[in-house]
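Here's the structure, in structure tokens; my notes come after.
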Protein chains: 2
Amino acid sequence: MQPRFEKGTLCGMKQCPNSARNETGIATTIGILKQRFGELCQTGEAIREQHGHTTTGIENQPPDAVVFAQSTQDVAEIVRVAAEHKVPIVPFGTGTSLEGHVNAPLGGISVDVTKMDNVLDVHTDDLDAVVQPGVTRKALNAQLRDTGLFFPIDPGADASLGGMAATGASGTNAVRYGTMRESVLSMEVVLPSGEIIRTGTRARKSSAGYDLNHLMIGSEGTLGLITELTVKLHGVPEAMSSARCSFPSVEAACDAVIATIQMGVPVARIELLDALSVRAINAYSKLSLPETPLLLLEFHGSTASVAEQAELFGEIAEDTSGNNFEWSTSPEERTRLWQARHDAYWAQLRLRPGAMSLATDVCVPISNLAKAVTRAQSKAAQLDLMCPILGHVGDGNFHCTLLFDGESREEKKRSEAFMEWLPEMAIELEGTISGEHGIGQGKIDKLAKQAGAATDLMRTIKRAVDPDNIMNPGKIVRLAP
Amino acid sequence: MQPRFEKGTLCGMKQCPNSARNETGIATTIGILKQRFGELCQTGEAIREQHGHTTTGIENQPPDAVVFAQSTQDVAEIVRVAAEHKVPIVPFGTGTSLEGHVNAPLGGISVDVTKMDNVLDVHTDDLDAVVQPGVTRKALNAQLRDTGLFFPIDPGADASLGGMAATGASGTNAVRYGTMRESVLSMEVVLPSGEIIRTGTRARKSSAGYDLNHLMIGSEGTLGLITELTVKLHGVPEAMSSARCSFPSVEAACDAVIATIQMGVPVARIELLDALSVRAINAYSKLSLPETPLLLLEFHGSTASVAEQAELFGEIAEDTSGNNFEWSTSPEERTRLWQARHDAYWAQLRLRPGAMSLATDVCVPISNLAKAVTRAQSKAAQLDLMCPILGHVGDGNFHCTLLFDGESREEKKRSEAFMEWLPEMAIELEGTISGEHGIGQGKIDKLAKQAGAATDLMRTIKRAVDPDNIMNPGKIVRLAP
């Protein structure tokens, strides 16, 4: 989808020495899996490349084989064989993750769960659904169409629910409905030993022992492989309204966001586009929005409440120097108001045709958001980089899309400098180096900086749960110095 | 506060053999701590007994010394000394936990954090507060009075925030505001090695590495000792309304709860009292409510919205055979409507003056709630036990209060049989053995039943993080068979 580097060390990734590969173990494991899984065990170059594709600047490190699992038992069997021969296992859903999560730096087996795509149960009274990990968020919502319920988490891509849980994904409406961390009640997980566990129950809350559910969410396949999920659903709101408002500065827009959250307006989405992104969208969608920071909002609730919420935001916007405030409840009008957001990614790419793009995210306390965004803009300007910014600003989360000439070694270097700098700035502002993309390969060194002494605890846990380091090795933490 | 057994094996607790106590290590540790902490290190019998007090039927197992920590550095120092001599550490906040969490079955040092009671920072723009672990929820709310913000989690007792995080506490309004698991952004924790870590940042969401924050929440002091917390705050709602409605049966009341949740009414509290609890409250507070299941509700929001919510619930109640529906927004009327809930615990105790009481909780998917409550009522009747029930039913969580003659060995036996049976019934109905009380000593065997193979993973984590088993040993999981 996105262009990527052919080779490189962007984001601090280093080539793995071939000596670290367990060649004998890999060959034996593939032999056993071919016999057991037949055509479902593939070793062709194209399919291996596709399963190492990282949608980022991180180079492709394909697995040695791809096995298409069809059941939990299949996964457990694959893991047991790999465990016996100490061979890496890399889980694969839709491959839309953004930090090199599906790469196989030590080779090994990619376990593709796309054939595990059944919605196993929908409990309408309990507002939950039990799904296999290969079900995508759109497929789940399609199956829920007649129930009056929906699954809200929307990271943009039509990602698999297993992958979304593994990376702790979220998206535009996390401010109202939470992230995957708040949306998964329980999972079935195959541990590195091949043992199958459940991380919770279908009860809405529990104080029964260690929170294995949250330990597994966001663990990026490094502690186990998710084979089933019970996710929370929500009632489709009776009504929706959308609103749009321009602001003279990022600070003014952020002041409006803070006031909205503080007043307890249960906003469903609140997105910021910086002036450069608005310029992009004006050109792409033939709009004529003021080329200043823009907030786009969506409200969910009863007919009366969505009107009340939109009007309340209008008052807040007026108090914080907002202008061109518009809102509507009609579907066509809502689409028109949100056009700028829907097209944002493609519009951003058009700012510099032919350029490579690199997406990254950070998240800071909302009081530091204006500071963080303006610092990012200044840094990009200082490095002479084109870097439109948009954010799910109700949570303080924002995305930078670097657009650069992939042929220019010097420009790549400047892009790397920005990628090095951004997470450190987020740490300095009491934030996190990733709000929703995860660590993968790309941010391992930065995680160590953010978590400090806690990195050792992460390493301790990884070593205890996966002593042979077969589960998605080379992601989140480095075990050897 | 509550009466308790003098000795006993209720809930499967067994006396620890004295041989397991590390007498030399304990004596050495106390010697060092006395020298270092002087009067803040206490060994008197009364204070030790008070720190082993479990507010339950589980016998008192006092620590050998109590040290009043005044800073994170104090805690780290105590832990380092104890670690060196392999001596148990038991954290202590307000001692209001309900499953023997503060007991010291192997002796050791109780670390009392009540002197660490400062609110360190309130970030009004970010809706969070940084507090020491000894700050109680009421003390925090008192300090927030002028900010327009509040901390919602309300487990009944005025518990310390450190203790509430350690046990994964929640309470009546979790259905709207979540539990401690959703309310703690980050913590400072002293690990068994004495090392100090942070489990997160002040950012609202993060996908940066293993979720150590959730691993520590609900770990009951068995993985580390909480020395600071950053908790989420909420804006004080503009308006509140309360409602009350009687139902002919538990099933009808639960149908109303399900419909309310399904329609997305953002109810702040929804409490069920069974007929026996209503009888208790009628007698205690001179009310004349129909002695049938009762729902009590509270709504938070704008003036218009709380009226809309209450009226909407009224319509739902009518559809589900509710009667005597009343609602109000005036504070006096709201207090009157909720009187039944405020007095419930004391009213329940009066059902059988002089009896001992034993409180326990389970939580099931809401579709199984009516079944679970009526089964519990039948079981109590079958065992000839008095057992009023009330619940935070928006989450499927309910509490049984057993009232029994502490002098009667035979009645104690029947009470034990009920306590054995209740969690297993919850497991059978896809629920959890504890919604908010935790595991402590009381439910260790039941946790193993609920978590199955996952218990081994909990044990693996405990062993890796605390290899000498000094952190609150004998809680959550048993390490030796």
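Coordinate-derived values only; no laboratory data. Model, not experiment: these values are computed from the prediction. Note that each Cβ is placed from the backbone with ideal geometry, even for glycine, and that neighbours are counted across all protein chains shown.
How big is the dipole moment of chain B about its Cα centre under a simple scheme where the beta carbon of each Lys and Arg is +1, that of each Asp and Glu is -1, and everything else is neutral? Debye, nearest 20, please.
Values: 44 positive and 59 negative charges, 206 e Å.
Roughly 980 debye for chain B.
Note on A:431-440: average number of Cβ atoms from other chains within 10 Å of each residue's Cβ is 5.
Entry note, region B:10-114: relative contact order of 34 percent, from Cα contacts under 8 Å with a spacing of 6+ residues.
Hey, could you get me the Stokes-Einstein D for the protein assembly as shown, Kirkwood radius over alpha-carbon pairs, 25 °C and 0.890 mPa s, rounded to whole µm² s⁻¹?
On the way: Rh = 29.0 Å.
Rounded to a whole number, D works out at 84 µm²/s.
Report the antiparallel proportion of the DSSP beta bridges in chain B as a percent, rounded to a multiple of 5. Bridges in chain B that DSSP calls antiparallel: roughly 85 percent. Across the options B:477, A:380, B:381, the greatest Cα extent toward the positive end of the charge dipole of the protein assembly as shown (unit charges at beta carbon of Lys, Arg, Asp, Glu) belongs to B:477. Projecting the Cα atoms of B:206, A:460, A:130 onto the charge dipole of the protein assembly as shown, computed from C-beta unit charges around the Cα centre, puts A:460 farthest toward the positive end. Distance from the Cα centroid of region A:244-280 to that of region B:318-338 is 39 Å (rounded to whole angstrom). Think of region B:67-191 as having a plus end and a minus end, set by charges on the Cβ of Lys, Arg, Asp and Glu; of B:82, B:151, B:183, B:82 sits farthest toward the positive end of this dipole. Taking the DSSP beta bridges with both ends in region B:27-135, the antiparallel portion is around 45 percent.
How would you rank B:80, B:375, going from fewest to most other Cβ atoms within 10 Å of each one's own Cβ?
Working: B:80 14, B:375 17.
Placing the least packed residue first, the sequence is B:80, B:375.
Peptide packing for B:128-141, A:332-345 was compared via the average number of neighbouring C-beta atoms within 10 Å per residue; ordered from the highest value, the list is B:128-141, A:332-345.
Charges at C-beta only: +1 for Lys and Arg, -1 for Asp and Glu. How large is the resulting dipole of region A:222-308 about its Cα centre, in Debye rounded to 20?
On the way: 5 positive and 9 negative charges, 42 e Å.
Roughly 200 debye for region A:222-308.
Across identical copies of the chain, residue A:354 has label-point separations of 9.6 nm, listed in ascending order, with the point defined 7 angstrom from Cα along Cα→Cβ.
For a quick protection proxy, order the peptides A:240-246, A:401-407 by their average other-Cβ count within 10 Å, most packed first.
Descending mean neighbour count gives A:240-246, A:401-407.
Applying a length cut-off of 24 Å (Cα extent along the axis) and a mean Kyte-Doolittle floor of -0.5 to the DSSP H helices of chain B leaves B:303-319.
How much FRET efficiency would the formula 1/(1 + (r/R0)^6) give for residue B:456 and residue B:142, where r is the Cβ-Cβ distance and R0 is 41 Å, rounded to 0.05? Efficiency at R0 = 41 Å is approximately 0.40.
Taken one residue at a time, the phi angles of region B:200-216 give Karplus couplings (6.51, -1.76, 1.60, θ = phi - 60°) of x, 10, 8, 5, 5, 9, 7, 10, 10, x, 4, 7, 5, 4, 6, 5, 7 Hz. Gly and Pro are set to x.
FRET efficiency for the pair residue A:371 and residue B:86, taken as 1/(1 + (r/R0)^6) with r the Cβ-Cβ distance and R0 = 35 Å, rounds to 0.15.
Note down the net charge around residue B:130, summing +1 for each Lys or Arg and -1 for each Asp or Glu among other residues with Cβ under 9 Å from its Cβ.
Values: positive: B:202; negative: B:121, B:128, B:228.
Counting the neighbours of residue B:130, the net charge comes to -2.
Peptide B:356-366: average number of partner chain Cβ atoms within 10 Å per residue? Walk me through the numbers before you get to the answer.
Numbers: counts 0, 0, 0, 0, 0, 1, 3, 8, 5, 11, 8.
Counting Cβ atoms of other protein chains within 10 Å of each residue's Cβ and averaging gives 3.
Take the cross-link list A:286/A:371; A:379/A:412; B:413/B:446 and give me the ones stretching past 23 Å between alpha-carbons.
Numbers: A:286/A:371 31 Å; A:379/A:412 15 Å; B:413/B:446 18 Å.
Check vs 23 Å cut-off fails for A:286/A:371.
Applying Stokes-Einstein at 10 °C and 1.306 mPa s to the Kirkwood radius of chain A, computed over alpha-carbon pairs, gives a translational diffusion coefficient of 68 µm² s⁻¹. For residue B:86, a cut-off of 16 angstrom between C-alpha atoms picks up these aspartates and glutamates, skipping any fewer than 8 places away in its own chain: B:23, B:64, B:77, B:195, B:466, B:468.
On a C-alpha basis, how far is the centre of region A:396-457 from the centre of region A:42-68 in Å? Whole number, if you could? Rounded to whole Å, the Cα centres lie 24 Å apart.
Residues within the reach of a label modelled at residue A:236 (point 7 angstrom out along Cα to beta-carbon, backbone nitrogen below 18 Å), restricted to region A:109-152, are A:122-129, A:137-152. On full extension, the segment bounded by residue B:346 and residue B:384 gains 11.5 nm, given 0.36 nm per residue less the C-alpha separation. Put a plus charge on the Cβ of each Lys and Arg, a minus charge on the Cβ of each Asp and Glu, and nothing anywhere else: the dipole of the protein assembly as shown about its Cα centre is then about 1860 debye.
Distances between copies of residue A:20, taken at a point 7 Å out from Cα along the Cα→Cβ vector and listed shortest first: 4.2 nm.
Can you give the FRET efficiency to the nearest 0.05 for residue B:121 and residue B:286, using r as the Cβ-Cβ distance and R₀ = 60 Å? Once the sixth-power term is evaluated, E becomes 0.85.
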